[in-house]
Amino acid sequence: MAERLATATAATLRASAAAPSARRAARGSRAFFPNSSASPARARAALRAAPSRLPQTARAVRCSAAATAASDATQLKATREDISELLRTTHCHPILVRLGWHDSGTYDKNIEEWPQRGGANGSLRFDVELKHGANAGLINALKLIQPIKDKYLGITYADLFQLASATAIEEAGGPKIPMKYGRVDVTGPEQCPPEGKLPDAGPSSPADHLRVVFYRMGLDDKDIVVLSGAHTLGRSRPERSGWGKPETKYTKNGPGAPGGQSWTAEWLKFDNSYFKEIKEKRDQDLLVLPTDAALFEDPAFKVYAEKYAADQDAFFKDYAEAHAKLSNLGAKFNPPQGISLDD
């Protein structure tokens with residue numbers, strides 16, 4: 001029965017992909033957000049109101065087929081367009097980056113079996129994992145992009161999370177990430193990883209803690225430092241993480257929901273200012289966590305941190321490679337070589 005349903009879904013998706021004129025018409029009418037002041041609630045309402053581009057038969061079989069089928073490339077491209085629109089109007093870049101990272105960052109290189117090894121497998125959509133302390137607030141990211149998932153039934157959550165994260169970096173002015181897709185989703189909450197896989201902000205030995213967490217994922221010192229540079233985006237909210245000020249001169253008026261403390265003055269712009277600010281520590285309204293300070297205190301980390309503070313091009317190059325590596329951790333791809341959206 002499951003095989004027949006999966007075959008029906010694949011046939012339906014191929015039929016949908018063969019209708020370019022219908023897709024162009026749908027894109028032409030896709031005015032989800034009329035102005036930049038649109039709230040996340042309005043964004044979600046508009047996405048829910050937009051018609052699905054897939055017929056009812058595909059929707060009827062999505063539960064049995066979507067968990068094991070590769071994502072559809074045509075739908076992934078359309079999804080990327082919708083994510084870009086969402087980003088431009090709700091300014092949710094930081095939380096979408098975090099969503100992708102926290103889904104993939106549970107990977108353990110010492111475990112071979114999938115999905116026990118963790119990683120980018122869409123498990124973060126389940127309540128049991130969303131309630132992990134390190135994932136506080138990520139329910140808001142899921143609420144923002146769930147309407148997009150509901151529109152495009154031929155993509156997996158694992159791909160959606162990583163596509164949203166990479167698109168957020170690019171839309172904020174960051175480098176093009178060499179991504180691939182086709183990640184398979186886990187099927188139930190019993191497949192979620194145990195809590196405690198993600199980094200803490202204030203451990204007693206910050207450099208050692210970062211190495212324990214990132215080395216477990218198969219990453220190295222350069223990856224640790226360059227990926228930390230993504231903190232150029234976003235804010236820390238004390239009610240969620242216990243870190244940062246309730247608001248600063250940079251965050252009290254938004255954009256988006258006001259408040260929190262950012263690492264940089266322009267916290268929706270992806271550049272190398274994070275490293276410059278952490279190095280100088282001149283502005284008390286900018287956040288420096290113990291794990292941030294460690295980048296210039298640990299001798300091995302400092303080599304890379306100094307390099308990225310001085311050379312944004314070097315930062316962008318190394319960041320793009322590390323982000324792509326992180327997004328693939330633990331993933332099972334179908335097809336095995338993955339799907340490129342830029343071919």
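Taking the criterion of being assigned to a helix (DSSP H, G or I), in contact with a Leu (Cβ under 8 Å, 6 or more places away or on another chain), open to solvent by less than 50 Å² (accessible area, probe 1.4 Å) and at pLDDT 95 or above, would at least one residue in region 61-71 satisfy it?
The answer is no; no qualifying residue exists.
ARG240 versus (1) open to solvent by less than 40 Å² (accessible area, probe 1.4 Å); (2) part of a helix (DSSP H, G or I); (3) touching a residue at least 40 places away in the same chain (Cβ under 8 Å): which is the lone unmet condition?
(1)
Step by step: first the residues of region 239-282, then only those that are at pLDDT 95 or above and among the acidic types (Asp, Glu), then the one that is nearest to GLN312 (Cα to Cα). Which residue is that?
So the residue we want is ASP271.
For region 327-343, how many residues are assigned to a helix (DSSP H, G or I) and open to solvent by 10 Å² or more (accessible area, probe 1.4 Å)?
Residues flagged as assigned to a helix (DSSP H, G or I) and open to solvent by 10 Å² or more (accessible area, probe 1.4 Å) within region 327-343 amount to 1.
Suppose the filter is farther than 16 Å from ILE169 by Cβ and part of a helix (DSSP H, G or I); does VAL303 pass it?
Spelling it out, VAL303 is indeed farther than 16 Å from ILE169 by Cβ and part of a helix (DSSP H, G or I).
Residues of region 244-264 being surrounded by fewer than 16 Cβ atoms within 10 Å (Cβ to Cβ) and of a type outside the set (Gly, Ala, Ser), which ones?
Within region 244-264, PRO246, LYS249, LYS252, ASN253, PRO255, PRO258 meet the criteria.
Out of all the residues in region 132-153, which are hydrophobic (A, V, I, L, M, F, W, C), at pLDDT 95 or above and part of a helix (DSSP H, G or I)?
Across region 132-153, the qualifying residues are LEU138, ILE139, ALA141, LEU142, LEU144, ILE145, ILE148.
If I go through region 177-234 residue by residue, how many of them are open to solvent by less than 60 Å² (accessible area, probe 1.4 Å) and outside any helix (DSSP H, G or I)?
23
Give the residues of region 84-107 that are over 12 Å from LEU198 (Cβ atoms) and open to solvent by 20 Å² or more (accessible area, probe 1.4 Å), sorted by residue number. Outline the logic, then answer.
Residues of region 84-107 that are over 12 Å from LEU198 (Cβ atoms), as a first pass: 84-97, 99-100.
Across region 84-107, the qualifying residues are GLU85, ARG88, HIS91, PRO94, ILE95.
Condition check: in contact with a Pro (Cβ under 8 Å, 6 or more places away or on another chain) and modelled with pLDDT under 95. Does PRO199 satisfy that?
No: the conditions fail for PRO199.
On the basis of being outside any helix (DSSP H, G or I), under 23 Å from ASP343 (Cβ atoms) and modelled with pLDDT of 95 or more, does ILE169 make the cut?
No; evaluated as a whole, the condition is false for this residue.
Using the structure shown, decide if GLU129 is open to solvent by 30 Å² or more (accessible area, probe 1.4 Å), touching a helix residue (DSSP H, G or I) at 6+ places or on another chain (Cβ under 9 Å), assigned to a helix (DSSP H, G or I) and not polar (S, T, N, Q).
When the stated conditions are applied, GLU129 does not pass them.
Give region 219-238 a look and list any residue that's over 18 Å from HIS91 (Cα atoms) and at pLDDT below 95, or say none. Spell out the reasoning first.
Of all residues in region 219-238, those over 18 Å from HIS91 (Cα atoms) come to 219-229, 238.
Result: PRO238, single match.
List pairs: first in region 311-322 and under 14 Å from PHE270 (Cα atoms), second aliphatic (A, V, I, L, M) and not in a helix (DSSP H, G or I), Cβ under 8 Å, 6+ apart or cross-chain?
ALA320/ILE177
Restricting the search to region 290-316, which residues are of a type in the set (D, E, K, R), crowded, with 19+ Cβ neighbours inside 10 Å and within 24 Å of the chain's Cα centre (by Cα)?
ASP292
Give the residues of region 265-289 that are touching a residue at least 60 places away in the same chain (Cβ under 8 Å), of a type outside the set (A, V, I, L, M, F, W, C) and buried (at least 18 other Cβ atoms within 10 Å of the Cβ), sorted by residue number.
ASP271
The values are calculated or read from the model by the stated rules, or taken from the named source; none is laboratory data. This structure is a prediction, so every number in the text was calculated from the model and none was measured. All Cβ positions, glycine included, derive from the backbone under ideal geometry; neighbour counts span all protein chains shown. For the accessible areas, the whole protein counts, side chains as well, though only heavy atoms, and no ligand, DNA or RNA atoms are used. Shrake-Rupley method; radii C 1.70, N 1.55, O 1.52, S 1.80 Å.
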